[in-house]
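Beneath this line is the structure, given in structure tokens, with notes to follow.
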Amino acid sequence: MKQNDIEPNNLTFPFIAKACAKLSDLIYSQMIHGHVVKSPFDVASWNAMLVGFAQMGFLEKVLRLFYNMRLVGIQADFVTVMGLTQAAIHAKHLSLLKSVHSFGIHIGVDADVSVCNTWISSYAKCDDLKMAELVFCGIEEGLRTVVSWNSMVAGCTYGDKFDDSLNFYRHMMYDGFRLDVTTVVSLLSSFVCPEALVQGRLVHSHGIHYGFDLDVSVINTLISMYSKCGDIDSARVLFDGICDRTRVSWTAMISGYAQKGDLDEALRLFFAMEAAGELPDLVTVLSMISGCGQSGALELGKWFDNYACSGGLKDNVMVCNALIDMYSKCGSIGDARELFYALPEKIVVSWTTMIAGCALNGEFVEALDLFHQLMELDLRPNRVTFLAVLQACTHTGFLEKGWAISIIQYDDKGISCKSGIRPLLLHGRPSWKKRKLKEALDFVQSMPIKSDAGIWGALLCACKIHLNIEIAPYVEMANKYALGGRWDGVANIRTMMKRNQVKKFPGQSLFHINGKTCTFTAEDRYHAESELTYPVLDCLALHSREEAYSSHLKWIPEHEAG
DNA sequence: GTAGGGTTAG
């Protein structure tokens, strides 16, 4: 059973869970009090309880149960190992996974190829592709199944390594394995940007060749792939062609329109879905909320807030995260804040969303404060978190206020990290600028996550503003440092940008009037009345430029000015 | 035993 299938507000499962854990503890306590205890359960019953908890993500209960089961002398088997593995994935707990892996080897279940397959996908889900590949290579060639290959292909997809997933796919064909529905679905879901459309079409045609294009899972994935790659029309053609649309088909299409900014069509399909007798679920609602944020549609967003509430979906942390994001993107930071603080279980995404929301709404000090609070917790910030913080820093003038980014510490297992932004006294020495830049650079380079073009961009932007470094395009900057032979991380920007195919899309602004969404870009001359609008805008721009200039001067410390 | 629609940035 997937967790999504559990009915909201259902108290049955926690209740049973509690009872099982109690029972297991009872047996254990009888034993330590000197009773000779024979477990009333066989290994299958213990496994059933353990797997049940694992699927629900009750890590502590799983471990306690496992501990007690071993104490009363029940021999763990491969089902136990699968359950433990599942618990580790649920918590994304890499070191636990490694322990389970070695335990599995210890009791000999690694001879079973299906256990190895599970480990492959588990390591990939815990972001350790190297270990995944190690397990894959450890399987004797004759024993590898199509599932082994699929797990590896899917693993590369999680890790955003879509070149690698294509390579594994090629290898797999070369080794005489035929792709199946899962291979196609895994591959397709890695194509998420316009640049991947060509490969997406190619895999689509392979799918047709092997006759998988009639499978509704494949079609659903295709709909999602085409919309993410910017070809929403192809997605729609596929969608219209499905005879028996599932919830997933509807949601894929709705999400496509919502992300594209066509909220009207998304909403139309949302109601059409209900009319067709297919009930929107958690993911459908998430897509709509996210779409409202993208389009800045506050009123509709509120409507979906109520909708989620009445459907009992607001117990879900992802729905709350999406709502926080929506409210902050719509400028309603108060609503976002209220939701955030009321959230009982805040995950990293919740914190990141709130930090980014604060940065977006000009609450920079609060953003930094939240980051500090996050560091005190046992949660691990990711690249998006750091990006949000850096963006807040870009605006705060934190250097002038005596703030400096500092220090990341890992523990020896690399599980958690602590970092902070601590106050630092300013010195008026000429080397000041360089030192601060170096510090910021060290910060980015020592981040426990992979820095990408976005993070480097944010850093350079911060440098530009706060260190008053000459405005230079990223590439020129990178060249300068490359010439100096220093900080090769920065010198890599160009390659990184190339590899990531970073492109700059023009920013769009939009607003809602009379239930319609209007969008425009900078220097947009398409509107019929633009001839009238621009003189007014020019006038406003002149005023604001004067304002900005005088406020910008205030940002430069006295000893640096002039 | 693998996979499909979804939340955080730009």
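Quick note: the coordinates plus some simple rules give every number you see, no bench work behind them. All values reported here derive from a predicted model rather than from experimental measurement. Note: ideal-geometry Cβ built from the backbone for every residue, glycine included; neighbour counts use all protein chains shown.
For the residue pairs A:98/A:346; A:61/A:329; A:61/A:346; A:130/A:314, the C-alpha atoms sit more than 29 angstrom apart in A:61/A:329; A:130/A:314. Evaluated with a Cβ-only charge set (Lys, Arg +1; Asp, Glu -1), region A:212-356 carries a dipole of roughly 360 debye about its Cα centre, given to the nearest 20. The magnitude of the dipole of region A:152-243, with charges of +1 and -1 set on the Cβ of Lys/Arg and Asp/Glu and taken from the Cα centre, is near 40 debye.
Across region A:287-377, the relative contact order, built from alpha-carbon pairs under 8 Å that are at least six residues apart, equals 24 percent.
Magnitude of the Cβ-charge dipole of region A:137-200, K/R +1 and D/E -1, about the Cα centre, nearest 20 debye? Intermediate values should be presented prior to the final figure.
Working: 4 positive and 8 negative charges, 25 e Å.
Charge dipole of region A:137-200: 120 debye, to the nearest 20.
Using the Cβ-Cβ distance between residue A:276 and residue A:380 with R0 set to 45 Å, the FRET efficiency from 1/(1 + (r/R0)^6) comes to roughly 0.60. Computed over neighbours whose Cβ is under 11 Å from that of residue A:229, the net charge equals 0, Lys and Arg +1, Asp and Glu -1. Looking at region A:136-181, the trypsin sites (Lys or Arg not before Pro) that sit in a DSSP loop and have at most 12 other Cβ atoms within 10 Å of their own Cβ are A:178. Each label was represented as a point 7 Å from its Cα along the Cα-to-Cβ direction; for residue A:107 and residue A:246 these points are 3.3 nm apart.
Approximating the spin labels as points 7 Å out from Cα along Cα→Cβ, the residue A:163-to-residue A:141 distance works out to 2.6 nm.
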